[in-house]
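J.: What follows is a structure written as structure tokens; I'll ask about it next.
Here, each number is a calculation from the coordinates, and none is a lab measurement. Being a predicted model, the structure only gives us computed values, none of them experimental. Cβ placement follows ideal geometry from the backbone for every residue including glycine, while neighbour counts extend to all protein chains displayed.
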Amino acid sequence: MALVEKSVVDKIEIVGEFKHIQVRLDMKIIDDSTNEIKSRGNYRRYVLAPTADVSNESDDVKNIANAIWTDEIKAAYTEYRDSISHL
């Protein structure tokens, strides 16, 4: 029996002034017959800034990024990031 770890995006949140996207993955272990053999609750998280490359993200994440990361948000985030880069 071969076991496969599969990550599934199960939560996407928009947080903060610059609309960072926080993605939560549910890590599942599945056997050959596609039965889940590990209980849910093993999560991994990561955050995407408005200047992030989302080309390798899920379609849901891409669609959200394209909808909320306006040119104004990207410019404001870049300006903020540049203003604190010397600290």
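J.: Just how many pairs of Lys in the chain have C-alpha atoms closer than 26 Å, counting pairs that are eight or more places apart or on different chains?
T.: Lysine pairs meeting the criterion: 13.
J.: In nm, to one decimal, how far is the modelled label at K74 from the one at S55, with both set 7 Å along Cα→Cβ?
T.: In this crude spin-label approximation the distance works out to 1.4 nm.
J.: Please list the equivalent ellipsoid semi-axes of the chain, computed as the square roots of five times the alpha-carbon gyration tensor eigenvalues, in descending order and whole angstrom.
T.: 34, 13, 10
J.: Here's another thing I want to ask about it. Run the dipole for segment 4-84 about the Cα centre, Lys and Arg Cβ at +1, Asp and Glu Cβ at -1, nothing else charged, and hand back the magnitude in debye, nearest 20.
T.: Computed charge dipole of segment 4-84: roughly 280 debye.
J.: Moving on to the next point. Cα axis of helix 59-68 to longest principal axis of the chain: angle in degrees, 0 to 90, nearest 10?
T.: Approximately 20 degrees, to the nearest 10.
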